[in-house]
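J.: I'd like to ask some things about the structure below.
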Amino acid sequence: MKPGAASIVDPAIIMKFAQVIGNIVSTQKDKNLRGISLLVLQPLSSSLEPEGRPYIAADALGNAGQGDIVFVVFSGDAPEAFAQELCPVDASIVGLVDEDCRKELMA
């Protein structure tokens, strides 16, 4: 995280749930996106039900995969998840929901 950047536990940062449903294969990317995976996400409600249209997000963790439930940040918070000075993203995956949390949310 960049010096002076907000922590992902900052209460002012809004995170949403989503499920990874696919990945993006690109023959050309912006140079600031090299090495960053782009994934297709299905937005989820707070009870992990599908809600809304799928969108693309950059994987700041580097290990999110098909079927994973993830936390996503948007807009001005999204680039802050990366070490690069400039990272042209509008949505970034910043966390994985573990199985225990998943069960609790679905209860």
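J.: Could you list all residues from the range 15-43 that are under 20 Å from GLU99 (Cα atoms), of a type outside the set (Gly, Ala, Ser) and out of contact with any Lys or Arg (no Cβ under 8 Å at 6 or more places or on another chain)?
T.: MET15, LYS16, PHE17, GLN19, VAL20, ILE21, LEU41, GLN42
J.: If a residue must be more than 17 Å from ILE24 (Cβ to Cβ) and out of contact with any Asp or Glu (no Cβ under 8 Å at 6 or more places or on another chain), how many such residues does the range 82-96 contain?
T.: The qualifying residues number 6.
J.: Within the range 29-72, how many residues turn out to be touching a Cys at 6+ places or on another chain (Cβ under 8 Å) and either assigned to a loop (DSSP other than H, G, I, E, B) or within 15 Å of GLY95 (Cα to Cα) (or both)?
T.: The qualifying residues number 2.
J.: Here's a follow-up. Across the range 4-28, what is the number of residues that are at pLDDT 85 or above and touching a Gly at 6+ places or on another chain (Cβ under 9 Å)?
T.: 4
J.: Out of all the residues in the range 15-28, which are part of a strand (DSSP E or B) and among the hydrophobic types (A, V, I, L, M, F, W, C)?
T.: The answer is PHE17, ALA18, VAL20, ILE21.
J.: Right, next: Output the residues belonging to the range 69-86 that are exposed (fewer than 15 other Cβ atoms within 10 Å of the Cβ) and among the hydrophobic types (A, V, I, L, M, F, W, C).
T.: ALA83, LEU86
J.: Taking CYS101 as meeting all but one of (1) over 15 Å from MET15 (Cβ atoms); (2) free of Cβ contacts under 8 Å to residues at least 24 places away in the same chain; (3) over 14 Å from the mean Cα position of the chain (by Cα), write down the number of the exception.
T.: Unmet condition: (1).
Each row is one residue, and each column tells you yes or no for (1) in contact (Cβ under 8 Å) with a residue 40 or more places away in the chain; (2) among the basic types (Lys, Arg); (3) over 19 Å from MET15 (Cβ atoms).
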| site | (1), (2), (3) |
| --- | --- |
| ARG34 | no, yes, yes |
| LEU48 | yes, no, no |
| PRO54 | no, no, no |
| VAL72 | yes, no, no |
| ALA91 | yes, no, no |
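J.: If I ask for residues that are polar (S, T, N, Q) and either in a helix (DSSP H, G or I) or modelled with pLDDT under 90 (or both), which ones from the range 73-107 would you list?
T.: Listed by number, the residues that qualify are SER75, GLN84.
J.: Next question, about the same structure. Could you list, in sequence order, all residues of the range 55-68 that are closer than 12 Å to ILE21 by Cα and either surrounded by 14 or more Cβ atoms within 10 Å (Cβ to Cβ) or among the hydrophobic types (A, V, I, L, M, F, W, C) (or both)?
T.: TYR55, ILE56, ALA57, ALA64, ASP68
The values are calculated or read from the model by the stated rules, or taken from the named source; none is laboratory data. From a predicted model like this one, the values you see are computed outputs, not experimental measurements. Here Cβ is always computed from backbone atoms with ideal geometry, including for glycine, and neighbour counts include all displayed protein chains.
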